[in-house]
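Asker: Input: one structure, supplied below.
Here, each number is a calculation from the coordinates, and none is a lab measurement. Predicted, not measured: the structure shown is a model, and the values here were computed from it. Cβ placement follows ideal geometry from the backbone for every residue including glycine, while neighbour counts extend to all protein chains displayed.
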Amino acid sequence: MGNDYVLSLGGSLIVPYEIDVTFLKEFKKMIDSREGRFILVCGGGRTARSYQDAASQIEKLDESELDWIGIGATKVNAELVRAIFGKDAFEKVITDPFEKVDFQKILVCSGWKPGRSTDYVAVQMAKNYGCGTVINMSNVNYVYDKDPKKNKGARPLHKMNYEELQKIVGTEWKPGMNAPFDPVAAKLAWEEKKKVVIMGADLRNLKNFLEEKEFNGTVIEDES
């Protein structure tokens, strides 16, 4: 996996209902204890959707305007995450995934522009820095064959390819989309031959993955 890691941190973990200080403390502690560099891409999560829903109740907004609201939420979350890492973090949040900088330990990124999610930013950062794997942490432990909120018999998938993922999530991104991984980002990961790992919020599970031990999650890669 090399010494650089791209970790997409779902907004649902940063602010599930209110800011999860306990999770962020433990997350910082674990990252601080690891060797190598970490590129942390922060999502908007519930914060983004709350603001998008509120605006939509007042005015009919197009997808671009909704996306800008969501991007604003990712920037607030990213500033919080950058701040908690102090001097170990690069001096600013990266808002353009095509900007490449020299950093020592932690690089924090936010959303970018309409039509591109933070999943897309994570894959593009992996491309920029030569990382083979994107770790996606959220409140979802696996990709399921069906929506587990609507289907009690939904089956967790431990391994899959990008064609199989597309059948589940489709091929288009929509603002506020609540999918295990953005379809447009998946297309880029497929083209760039990147591996994507979907896992939940358990930091011990993340530690196991980083140490190449058995872990719980879904590995998405094209084996051809």
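Asker: In the range 4-220, what % of DSSP beta bridges are antiparallel (nearest 5)?
Answerer: 20 percent
Asker: Using Cα-Cα distances under 8 Å and only pairs 6 or more residues apart, what relative contact order does the chain have, in percent?
Answerer: 22 percent
Asker: Per-residue ellipticity at 222 nm for the chain, helices alone: DSSP H runs ≥ 4 residues times -39500 (n - 2.57), over residue total, nearest 500 deg cm²/dmol?
Answerer: Result for the chain, helices only: -12000 deg cm²/dmol.
Asker: Let me ask something else about it. Once you order the gyration tensor axes a ≥ b ≥ c over the Cα atoms, which shape class does the range 120-217 get: rounded for a/c under 1.5, otherwise prolate or oblate by comparing a/b with b/c?
Answerer: oblate
Asker: For the chain, just list the percent of Cα-Cα distances falling in each 10 Å bin from zero outward, please.
Answerer: Here the calculated profile for the chain is 8, 35, 39, 16, 2.
Asker: Expressed as a whole number of Å, what is the distance separating the alpha-carbon centroids of the range 21-59 and the range 112-171?
Answerer: Cα centroid to Cα centroid, the span is 16 Å.
Asker: If you don't mind, another one. Under a point-charge model restricted to the Cβ atoms of Lys and Arg (+1) and Asp and Glu (-1), what is the dipole moment magnitude of the chain relative to its Cα centre, in debye to the nearest 20?
Answerer: Roughly 440 debye for the chain.
Asker: Whole-Å semi-axes of the range 58-125's equivalent ellipsoid, largest first, each the root of 5 times a Cα gyration tensor eigenvalue?
Answerer: Over the Cα atoms of the range 58-125, the ellipsoid semi-axes are 25, 14, 7 Å.
Asker: Could you check the spin-label model distance between Lys100 and Ser50? Points 7 Å from the Cα along Cα→Cβ, value in nm.
Answerer: About 3.9 nm separates the two model spin labels.
Asker: In the range 117-185, which GluC sites (Glu not before Pro) fall in coil by DSSP and have 16 or fewer other Cβ atoms within 10 Å?
Answerer: Of the GluC sites (Glu not before Pro), the ones in loops of the range 117-185 whose Cβ has at most 16 other Cβ atoms within 10 Å are Glu172.
Asker: Hey, another quick one. Based on the alpha-carbon gyration tensor of the range 1-42 and its eigenvalue square roots a ≥ b ≥ c, which shape applies: rounded if a/c is under 1.5, prolate if not and a/b is larger than b/c, or oblate?
Answerer: oblate
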